[in-house]
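Report on the structure given below.
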Amino acid sequence: MAHGQALVCRASNANNDLDAQATQLLAQAHEQGLPSLLMGVLPFNTTQPAHLFVPHSVQRSAPLHPSAETEAQPHPAATLQPFPNGAGYADIVGRSLPLLDDQPLSKIVLARTMDVTLEQPLQRQQLLHNLIRLNPHGYNFGINLDDQEDDNPCFFGASPELLVRRSGSQVSVNPLAGTAARVADPEADARIGQALLQSAKDLHEHAIVIESVVQALRPFCSELHVPDGPELAKTATLWHLSTPIHGTLRAPYASSLELALAMHPTPAVCGTPTLAARDVIETLEPFERQFYAGAAGWCDDKGDGEWAVAIRCGLYQQQHIRLYAGAGIVAASDPDSERRETGNKLRTMLNALNIEPATIEGGITL
């Protein structure tokens, strides 16, 4: 938990020098007696500015487990406005399918948004509390984008996906790709998970991601351990195909930020090949992703740190939150299925905001 923003770096990686700028920021922090740690968020398109900062102070603790007793009341007057709506998103997916013939595109990730208008300023501590309570195994984050006491912009999320973790010479990544909605009935829920594990379409989508991640990580590693196939991972609302990958870094060890920049964006949030997929995304999606599908995390002066993929997230500005959800599109994708998948992914943040269930259902089915 960081307090304040003593030093701030708002720079892009357009010249592949963001890691060097971060190193300079940490050296400056050491000179001023500040914590030897920076944190923040990288944008989806790293030619745009990141928001990295050294805090005034840092508190560390064991994992937090908030009780349900302090749950906030729902937002009865919140309004939801999808952009594009479900039909519009399905149309965008349909228009992308003829492009996915491996010449050169084999996968693209397309997103949609949900604009939430609150009846009062965001209770940001309560939202972070709810994210941790509802997603105890997720990578929960709340990052102020301006160090002001007023109702400043902030970026929140409960990511299920680890982009990269570095501890000394050891590196871990955990790509997710391939998703199915969970249900309340335990037996039916288990069947859905097993069906996902055997889905040719989802296994193909997942394999594309793993191949790209391994290709990006291997040059930094003397050893890399990659499982033969994915396993199931679950959140409160979704099943995912997951492949935990572990490795030993070559000396001198790359920092966690350098590793994150080398791997980001993975095909799990962009597509493959990366630049071609990003160009299509920025042509087809009727909004700017900004920090959505970027990476949120931290890095210390030793290079250790942890970065999570910035998904299941929202950008807050003065009683308005823009939520984001995307789906991996391959040649075998069905536009209506992808629309339903993105709707289910929006539930994570909508539930944490305590939006009334009927309002949620109406919003994600529009």
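The values are calculated or read from the model by the stated rules, or taken from the named source; none is laboratory data. Nothing here was measured: the structure is a model prediction, and the numbers come from that model. Quick reminder, even Gly has a Cβ in these numbers, built from the backbone with ideal geometry, and neighbours come from all protein chains shown.
Looking only at region 85-108, residues that are touching a strand residue (DSSP E or B) at 6+ places or on another chain (Cβ under 8 Å) and among the basic types (Lys, Arg) come to 1 in all.
Scanning region 109-139 for residues that are assigned to a loop (DSSP other than H, G, I, E, B), closer than 25 Å to Phe44 by Cα and of a type in the set (S, T, N, Q) turns up just one, Asn135.
Checking each residue in region 325-345 for being assigned to a helix (DSSP H, G or I) and either of a type outside the set (Lys, Arg) or in contact with an Asp or Glu (Cβ under 6 Å, 6 or more places away or on another chain) (or both) picks out Pro335, Asp336, Ser337, Glu338, Glu341, Thr342, Gly343, Asn344. Tell me, yes or no, whether region 78-96 has at least one residue that is free of Cβ contacts under 8 Å to residues at least 60 places away in the same chain and among the charged types (D, E, K, R). No, every residue in region 78-96 fails to be free of Cβ contacts under 8 Å to residues at least 60 places away in the same chain and among the charged types (D, E, K, R).
Across region 269-280, the qualifying residues are those that are of a type outside the set (A, V, I, L, M, F, W, C) and either part of a strand (DSSP E or B) or touching a residue at least 40 places away in the same chain (Cβ under 8 Å) (or both), and the one among them that is farthest from Arg112 (Cα to Cα) is Pro273. Residues in region 195-210 that are touching a residue at least 12 places away in the same chain (Cβ under 8 Å) and exposed (fewer than 13 other Cβ atoms within 10 Å of the Cβ): Ala195, Ala200.
Looking at Ala181, Ala195, Ala158, Ala188, which is the one that is in contact with a Leu (Cβ under 7 Å, 6 or more places away or on another chain), more than 17 Å from Pro244 (Cα to Cα) and modelled with pLDDT of 95 or more? Even if it seems obvious, please write down each step before you answer.
Details: Ala181 fails: modelled with pLDDT of 95 or more; Ala195 fails: in contact with a Leu (Cβ under 7 Å, 6 or more places away or on another chain); Ala188 fails: in contact with a Leu (Cβ under 7 Å, 6 or more places away or on another chain).
None of the other options fit; the residue is Ala158.
Filter region 242-289 down to the residues that are of a type in the set (Asp, Glu) and more than 23 Å from Pro160 (Cα to Cα), then identify the one that is surrounded by the most Cβ atoms within 10 Å (Cβ to Cβ). Restricting to residues being of a type in the set (Asp, Glu) and more than 23 Å from Pro160 (Cα to Cα), the top hit is Glu285.
From the list Ala308, Ala262, the one residue that fits, being out of contact with any helix residue (DSSP H, G or I) (no Cβ under 6 Å at 6 or more places or on another chain), within 21 Å of Leu18 (Cα to Cα), of a type in the set (A, V, I, L, M, F, W, C) and at pLDDT 95 or above, is Ala308. Just give me the residues in region 204-235 being farther than 14 Å from His246 by Cα and either of a type in the set (A, V, I, L, M) or in a strand (DSSP E or B) (or both), in sequence order. The answer is Ala207, Ile208, Val209, Glu231, Leu232, Ala233, Lys234. When you check Ser106 against the structure, is it among the hydroxyl-bearing types (Ser, Thr, Tyr) and over 22 Å from Phe287 (Cα atoms), yes or no? For Ser106, the condition - among the hydroxyl-bearing types (Ser, Thr, Tyr) and over 22 Å from Phe287 (Cα atoms) - is met. Checked against (1) over 20 Å from the mean Cα position of the chain (by Cα); (2) of a type in the set (Ser, Thr, Tyr); (3) at pLDDT 95 or above; (4) crowded, with 16+ Cβ neighbours inside 10 Å, Thr113 meets all criteria but (1).
If you check Thr283, Thr348, Thr266 for being hydroxyl-bearing (Ser, Thr, Tyr) and assigned to a loop (DSSP other than H, G, I, E, B), only one passes: Thr266. If I filter region 61-110 down to residues being hydrophobic (A, V, I, L, M, F, W, C) and at pLDDT below 90, which single residue comes out as surrounded by the most Cβ atoms within 10 Å (Cβ to Cβ)? Applying the filter and picking the extreme gives Ala78.
Scan region 296-324 for residues that are surrounded by fewer than 24 Cβ atoms within 10 Å (Cβ to Cβ), touching a Ser or Thr at 6+ places or on another chain (Cβ under 7 Å), at negative phi and part of a strand (DSSP E or B) and the total you get is 4.
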